[in-house]
Amino acid sequence: QVAFSVWRALFMREALSRVSSQRFGWVWLLLQPMMHIALLMLLFSTLRQRTLPGADFALFLALGLLEYQLFVNTARRSASALSANRGLLAYRQVLPVDAVLVRAVVEGTLQLFVGSALLAGAALFGFDVLPHAPLLALQAYFLLWFFGAGLGLMLSVGYSLVPEIEKVVAFVFTPLYFASGVLFSPAMMPPRMQQWLLYNPIMHGLELGRSAFFPGYHLTPDVSAGYLASFGIGCWFLGLALHRRFAAQVAAQ
């Protein structure tokens with residue numbers, strides 16, 4: 001009962017601060033991915049055709065970006081939850097893991113609303129945004145969020161004990177954007193390159209999400225929901241174990 005009360009209070013605090021910490025917070029949540037997609041469309045329209053076999057190029061980019069942002073924003077914001085809620089950890093009812101988990105849920109909820117709003121806007125312009133496999137789309141969404149939240153659990157302990165890890169992680173996320181298939185499909189690459197790219201679990205989530213929206217999308221046979229889920233389960237196990245082991249040190253920071 002105490003835990004649920006803490007989670008509810010933290011959820012309201014995180015949600016309000018996320019959308020009202022600056023003016024027009026909701027507007028910026030929508031404008032950021034919209035401007036990113038528009039820039040990518042402007043760039044790639046001069047380099048290649050705007051359609052892909054079995055998929056509309058604009059929607060292809062939009063889905064890749066939204067799914068990648070779901071993972072990255074969940075991981076990075078939940079990893080920094082302890083520093084943002086340091087004052088609340090003085091209360092014995094609030095555990096460090098509570099702040100991390102609630103922030104991950106808040107980010108997942110916000111990204112769901114942002115993605116739904118952008119897809120609804122795209123539908124007004126004539127895009128076919130209804131997934132032909134809704135359950136697969138939800139599965140891809142959940143697995144990417146699950147993986148991001150698990151990674152955030154792990155990193156939150158690392159950020160508290162070794163602050164320099166945050167700089168390393170920020171550096172790693174930059175090339176990860178290009179290696180996760182946001183701008184391309186692994187089916188466009190040579191078979192040997194596909195094998196290397198598919199070691200990245202994020203690409204599996206992006207490809208599963210896209211295949212749920214495009215009936216004729218060429219999905220690489222090696223794409224697996226189980227592969228992504230195994231990374232998520234491993235991160236959650238290690239993250240919760242680290243919080244259990246270093247709870248006193250994290251709270252005392």
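Observations on the structure shown:
- Average accessible surface area per residue within the chain, 1.4 Å rolling probe, Å²: 53 Å²
- Residue-averaged 222 nm ellipticity for the chain, from DSSP H runs of 4+ at -39500 (n - 2.57), nearest 500: -24500 deg cm²/dmol
- Total charge dipole magnitude, the chain, about the Cα centre, Cβ charges on Lys, Arg, Asp, Glu only, Debye to nearest 20: 580 debye
- Coil-residue GluC sites (Glu not before Pro) of the stretch 154-253, DSSP, other Cβ within 10 Å capped at 11: 164
- Gaussian network model of the chain, Cα within-10 Å springs - most flexible of 220, 174, 109: 174
- Carbon + sulfur, % of accessible area of the chain - ligands and nucleic acids excluded, 1.4 Å: 70 percent
- Based on C-alpha pairs under 8 angstrom that are at least 6 apart in sequence, the stretch 107-206 has a relative contact order of 24 percent.
- Inter-probe distance in nm under a simple model that places probes 7 Å from Cα toward Cβ, at residue 127 and residue 35: 1.8 nm
The values are calculated or read from the model by the stated rules, or taken from the named source; none is laboratory data. Computed from a predicted model, the values in this text were never measured in an experiment. All Cβ positions, even for glycine, are placed from backbone atoms using ideal geometry, and neighbour counts span all protein chains on display. With ligands, DNA and RNA removed, areas are computed over all heavy atoms of the protein, side chains included. Shrake-Rupley method; radii C 1.70, N 1.55, O 1.52, S 1.80 Å.
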